[in-house]
Structures are given as C-alpha cells and as structure tokens.
1. What residue, of Thr216, Thr201, is hydroxyl-bearing (Ser, Thr, Tyr) and in a loop (DSSP other than H, G, I, E, B)?
2. Tally time: how many residues in the range 153-170 are in contact with a strand residue (DSSP E or B) (Cβ under 6 Å, 6 or more places away or on another chain), aliphatic (A, V, I, L, M) and more than 15 Å from ligand 2 (Cβ to nearest atom)?
3. Of all residues in the range 418-448, which are open to solvent by 60 Å² or more (accessible area, probe 1.4 Å) and either in a strand (DSSP E or B) or not assigned by TED's automatic domain parsing to the domain that holds Thr461 (or both)?
4. May I ask you to say which residue of Ile189, Ile180 is buried (at least 16 other Cβ atoms within 10 Å of the Cβ), touching a residue at least 40 places away in the same chain (Cβ under 8 Å), part of a loop (DSSP other than H, G, I, E, B) and of a type in the set (Val, Ile, Thr)?
5. Select, from Ala101, Ala40, Ala25, Ala58, the only residue that is touching a His at 6+ places or on another chain (Cβ under 8 Å) and at pLDDT 95 or above.
6. Considering the range 433-458 alone, what residues qualify as being without any contact (Cβ under 8 Å) to a residue 60 or more places away in the chain and among the aliphatic types (A, V, I, L, M)?
7. Could you list all residues from the range 240-254 that are in contact with a Phe, Trp or Tyr (Cβ under 8 Å, 6 or more places away or on another chain) and surrounded by 15 or more Cβ atoms within 10 Å (Cβ to Cβ)?
8. When only residues in the range 321-347 that are in a loop (DSSP other than H, G, I, E, B) and within 12 Å of ligand 1 (Cβ to nearest atom) count, which is most open to solvent (accessible area, probe 1.4 Å)?
Amino acid sequence: MVVGEMVQETELVVVGAGPGGYTAALRAAELGIQIVLVEARPFLGGVCLHEGCIPSKALLHAAEVIKEAKLASTFGLHFGDPKIDLNQLRNWKEGVTNKLAAGIVGMCKSAKVETMVGKAIFQDSTSLRVDKEGESSVRLKFKHAIIATGSRPVKLTKLFKKADDSKSSRILDSTSALTIEKIPQNLLIVGGGYIGLEMGTVYAALGSAVTVVEMTDGLLPGVDLDLVKPLANHLQTVFKQILLSTTVVSLEDVGDGVQCVFAGGEGSPKTAKFDRVLIAVGRQPNSDGLGLESTQVQLNEHGFVKIDQYCRTTDKRIYAIGDVSGQPMLAHRAMRQGQVVAEVIAGNPAAFDNRAIPAVVFTEPEIAWCGLTELEAKAKNEKIGVAKFPWSASGRAMTLAEPIGQTKIIYAPESQLILGMGVVGARAGELIAEGVLAIESGAVLEDLLVTIHPHPTLSETIAEAVAVARRREERASRSQVIKD
Ligand code: FAD
Ligand code: NAD
C-alpha cells in the first residue's frame, strides 16, 4: 500500500463507464449489490457516447438531410445547395452527447451507484488502485470486479516517414474526425470498414472529395456481397474513388498536405497528396496498463480478455465485458453482457447465450444483418434456403423515393426455422430488430407470415421475403410429390 492511500471496501467494482460498464453498474445496483463505478475520464458514457455511436449518428443524420434535400428535386422540391455552419453543427452534436451523458449521471445517482473518477490498476485478484489526478489514490478491495475498459483505434505508426507525422493534425482517427474541425477538400480514408464508410458518408455530404483505400478486394469484408453491392454502387457515385486491394505504404506530412504512397490494386495511383488522412483500420482492446499481470486474468493472442459465456475471466472474482472482451465490438453486445454479468454476480441464472447479435452500418443505404449469413453458412457447409425481396416492389420504399434496397431471409429448408436476416436500404437498422426477435424466439417462416405487418411500411418487405421462401418451399415439395 502507498503511504497516504485511502482504502475502501466494496462488493463490486466496475472499471470503465462505457455502455458495458454503466449498464452492468445500473443493473447490479437494481439487484441490491453495493457498487463503485470507476471511470478514467471526468464523464460517463465511454467511447460510444463521446466519440463513437452517438456523435457519428448525429453527423450521419445531417448527411442524410443533405441527401434528402438533393433527392427532393426529383419530385419538384428545390432547396438549393446547403449552407453549412460547422460551429452550429458541432454544437448540436455536442448538445446531444451532453444531454445523454447527464442522463447517465442522473440514472447512476438515483440508483445509488457510487462513481469515482480515476484510472484503475489491478494490484491483485482482490484489489485495485484508483489513481486520481491531483489527489491521493484510493485502494479498492472488492469481492467481484468487472473489466469494461473498451478499445481504442489501431494506429499505423510504421507507415509514417517522420516520427512527427503521427502527431500531425492532418492525420485523423475516428475521434478527431468526429470533431469536424474543418471540411478538407481532399480526404483519404484508410480502411473500408464501418468507420471508413460512415465517416466517408459524412465528409462526402459536407463537401469533401473522399478517397477510400481498402486492402481487401471489397468494402466491408465479411458481410454478404448482395448486401454490400448496392451500397458499393452508391458510394462509387458519392466518393471520388474507392481503391480496392490496395494498401498505403507510407504517409508523410509535407506541409501543404499528406503525401501517400500506395501499393497493389490494379489502376490505383502509385502516389497522391491529400489535405487530411483518416486512419480507420480497426480497434484494439484496452487491456494493457491495467495491471492484469498481477491477477490470474488471461488475454488471447490479440490482447482481448478471455471470457466464458458468463463473462467470467480466468480469475474467478474478475469478469470482463464489451470491446475489451472480443468481437463484435458493438455497444449493444457490451450492454447485453453488462446485464448478464450483473445477474451472474447476483447469483441469478443468466448467460450470454444470445443467438443473434445484430450489426448495422449506418451508411446510405444502411446495411443490417443478424444471425447466420450466407458467407458463414458457406464456410460451415450448412444447407440453407435464401429468399429475397427487392425494394423496387415495395410501395413504402417508392413513396420514400428510396427504391434501392433488398430484404433477405435465411432459413433452414427442413425445419423452416429463421436462421438469419439481411437488409440493405433506408432504415435497415430499424428493420433488423424483427429478425433478431424471430431468431431469438425460434420463429419459423409461418410465424412471420401470419404476423400482420402495417401497410405501407418497409417492414412489409420482411413478410414479402418470407412469402418468397414459402412459395419456393411449396414448389419444391410439390415437385417432390410428382417425382414420388
Ligand atoms: P467503451 O465505450 O470503450 O468505454 C470504456 C471506458 O473505460 C472509457 O470511458 C474509458 O475511459 C474507460 N477506461 C479505460 N481504461 C480505464 C481504466 N484503467 N480505469 C478507468 N476507466 C478506464 N457500436 C454500435 O453498436 N453502434 C454504432 O453505431 C457504433 N458506432 C461507432 C462509431 C465509432 C466512430 C466508433 C469508434 C465506435 C462505434 N461503435 C458502435 C462501437 C462502440 O462504440 C463500442 O462497441 C462501445 O463503446 C464499447 O463499449 P464498452 O463499454 O466496451 O467500452
Ligand atoms: P473495421 O474492422 O470495421 O474495418 C477496418 C477495415 O480496414 C477493414 O475493411 C480492413 O480490411 C481494412 N484495413 C485494415 N488494415 C488496412 C490497411 N493497412 N490498409 C487498408 N485497409 C486496411 O474497423 P473500423 O472501421 O476501424 O471500426 C472498428 C470497430 O468499431 C468495428 O469493427 C465495429 O466493431 C465498431 N464500429 C461499429 C459501428 C456500427 O455499429 N455502426 C460503427 C463504427 C465502428
């Protein structure tokens, strides 16, 4: 123990107040567990609220309004070019974040969750030290601890020609990109994944000429191609260029821009200069600097904390949830794990045994999927049925002037169990919840068919895709009867 260090005992300590950490803390408090929530920064909400989900979706909403206003000219409504007041846009975005952050503080207060600002470092399997700025540290002795320290952007430090380039204000990560300090004329985005495409959509709408460089041969690797294709086609029209199978070999701040050297990619330039470069090549877990070596907690080869389905680590008193505990690094997975872990610590029967974790890319059009994908089924050699309904036949899509889209159902041909759903199109992220519920509740095709979907809505495309599946299965069984 350090001289002057205060010692405090608690039943549960949660390290990190992102969506995983604050959800676990609130549920644990509801279950009567005495708890301290430790957060390194002087605000609650984590990456999701301050530099992730919420600010990015606020800016994407602004991008959508610009697109809608342009689109309206096709049906006779002419708004002209947008006048963009960056200060006001930034203030609005920050206002949204601040209101939500105040809401979390209020919920913690009323649930009697004690919050402590400081960096937590484990001392052993039963205690951790909280280092506070300008104050003496606190030693917290705990019965249980939850690691919910999240993740941070992967840096491509090796690519910088000079050591100083990594600190250049022309090199952005998702956090600095979200501050929209300025709208660059030319923006290079390294990485064609979630962040690259969402932030590319924002900056292109605000007026930047966006180039995306992606090292694999397609955008959003791992997502079913029929979902990605309509988005990729649209992005070809709003981005300046998309360089596939291409990597960045070096980056150098040359004073009036960043000089980039590329490798690979047929037709890709060898070199080009950009006003700003956004690096969005994935995120890494915040499992270092936490003192985990003083505990029995083990990490995997990528630095993620190893957990089981109860979110237990290899140290029996310590649990881990959210980004620090592995893929998919999504806020709603962290929140569900937060609920589960609180129940487990309270001794209630609970496990992270969800069948479907939805994923949504909030681009224009949006892409959303859940459960089994076609790519996964192919890799596992699993026999599936796939039925699709194009939005060009949806009344609601037409009235919204959004005919680009498709809803797809993946099902087991014999049992007719719904195994997966994929949607590309406007508000796909809102529609996917029905697929998640269908999978979690073990629904079969018939269950969705007999469910009345409101008309005219995009949700009807789900029932229509299921109707396509039913027609196909009925035809197959008729031809089987004829053969027999
Ligand atoms: P985090 O939100 O990362 O919070 C961890 C907290 O722990 C932080 O506040 C940190 O300060 C604190 N901490 C770290 N170390 C310590 C320590 N030693 N002591 C005390 N405190 C510590 N996901 C979605 O589902 N939907 C989206 O639309 C979406 N959009 C995103 C957009 C962007 C630009 C980014 C970057 C991410 C996005 N994500 C999205 C991912 C989402 O933000 C994360 O999955 C989510 O924040 C993970 O939650 P978490 O609780 O695990 O950790
Ligand atoms: P990502 O894993 O989604 O995409 C990274 C992309 O960069 C991949 O396509 C990869 O092939 C490519 N890449 C990697 N190294 C490269 C290189 N050297 N050159 C060119 N391309 C390279 O990662 P991200 O976009 O940084 O997002 C991180 C995580 O944050 C996501 O995986 C997701 O879990 C979460 N996130 C979610 C949302 C959402 O839910 N809507 C939005 C943003 C972020």
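1. Exactly one of Thr216, Thr201 is hydroxyl-bearing (Ser, Thr, Tyr) and in a loop (DSSP other than H, G, I, E, B), namely Thr216.
2. 0
3. Residues satisfying the conditions do not exist here.
4. Details: Ile189 fails: part of a loop (DSSP other than H, G, I, E, B).
On inspection, the qualifying residue turns out to be Ile180.
5. After ruling out the rest, the residue left standing is Ala101.
6. Quick first cut of the range 433-458, residues without any contact (Cβ under 8 Å) to a residue 60 or more places away in the chain only: 434, 437-438, 441-454.
Listed by number, the residues that qualify are Leu437, Ala438, Ala443, Val444, Leu445, Leu448, Leu449, Val450, Ile452.
7. Leu243, Thr246, Thr247, Val248, Ser250, Leu251, Glu252
8. Gln327
The values are calculated or read from the model by the stated rules, or taken from the named source; none is laboratory data. Nothing here was measured: the structure is a model prediction, and the numbers come from that model. When we count neighbours, we look across all protein chains shown, and the Cβ atoms used for this are built from the backbone with ideal geometry, even at glycine. Note: accessible area is taken over every heavy atom of the protein model, side chains too, but ligands, DNA and RNA are not part of it. Shrake-Rupley method; radii C 1.70, N 1.55, O 1.52, S 1.80 Å.
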